[in-house]
Amino acid sequence: GVAAAAAPFRKGLVDAISPGHIDAADALTCRWTTPHFFLLTADELQAQWSGAAVSRSFVASCRATATVHPEVAQQAQWLWEVLDELDDAERARWFRFLTGSSRGPRGGANLRIGPRAGGDGAFPFAHACVSSLDLPSYSSRELLRERLGAAGKA
């Protein structure tokens, strides 16, 4: 569990900042040599290590900061609606398609949504390194949802 995953982190932290030899396995001793380590809760540490869950609130923060090209403004609106309807696992799968990670960075992601040629016959294209999505100008929300689902499973 979390304790097993935290042990190597604790050892590294103790090794890096403690004055002298401290046994990282001794939680009582470590507690006094690394007090700032205990300022974070387990949830905060998990978020620092592996990012935030792709929850509805995370998607809302992404939406608030996203840059959307005017040609695909309607499709981007549908995208946010569809993402809001998905469950956490489906949103994580879609976010992995977009960014290469199924968890988001703390504070949201800086997404860019631009146009892609091909209309209804094309699939969305993600540039994971820069969190950018090229969206075709789909004619319906349902088609966008179908194409996003297929892209997320690829």
From (1) crowded, with 16+ Cβ neighbours inside 10 Å; (2) under 29 Å from Glu44 (Cβ atoms), pick out the condition that doesn't hold for Arg116.
(2)
Would it be correct to say that Ser101 is among the hydroxyl-bearing types (Ser, Thr, Tyr), surrounded by 13 or more Cβ atoms within 10 Å (Cβ to Cβ) and modelled with pLDDT under 90?
yes
Pairs returned, first residue in the range 122-140 that is touching a residue at least 60 places away in the same chain (Cβ under 8 Å), second residue that is in a loop (DSSP other than H, G, I, E, B), beta-carbon separation under 8 angstrom, 6 or more apart or interchain, are Leu135/Pro124; Pro136/Ala117; Pro136/Gly118; Pro136/Ala122; Pro136/Phe123; Pro136/Pro124
Note on Leu39: of the conditions (1) open to solvent by 90 Å² or more (accessible area, probe 1.4 Å); (2) modelled with pLDDT under 90; (3) closer than 16 Å to Ser131 by Cα, unmet is (3)
Quick check on this structure: which one of Ala150, Ala122, Ala109 is within 18 Å of Val59 (Cα to Cα) and open to solvent by less than 60 Å² (accessible area, probe 1.4 Å)?
Ala109
Suppose we keep only residues that are within 12 Å of the chain's Cα centre (by Cα) and buried (at least 17 other Cβ atoms within 10 Å of the Cβ) within the range 62-92. Which one would you say is farthest from Pro136 (Cα to Cα)?
Ala92
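The values are calculated or read from the model by the stated rules, or taken from the named source; none is laboratory data. Source: prediction; values computed, not measured. Note that we place each Cβ from the backbone using ideal geometry, even for glycine, and neighbour counts take in every protein chain shown. Ligands, DNA and RNA are stripped out before the accessible areas are found, and what is left, the full protein with its side chains, is counted by its heavy atoms. Shrake-Rupley method; radii C 1.70, N 1.55, O 1.52, S 1.80 Å.
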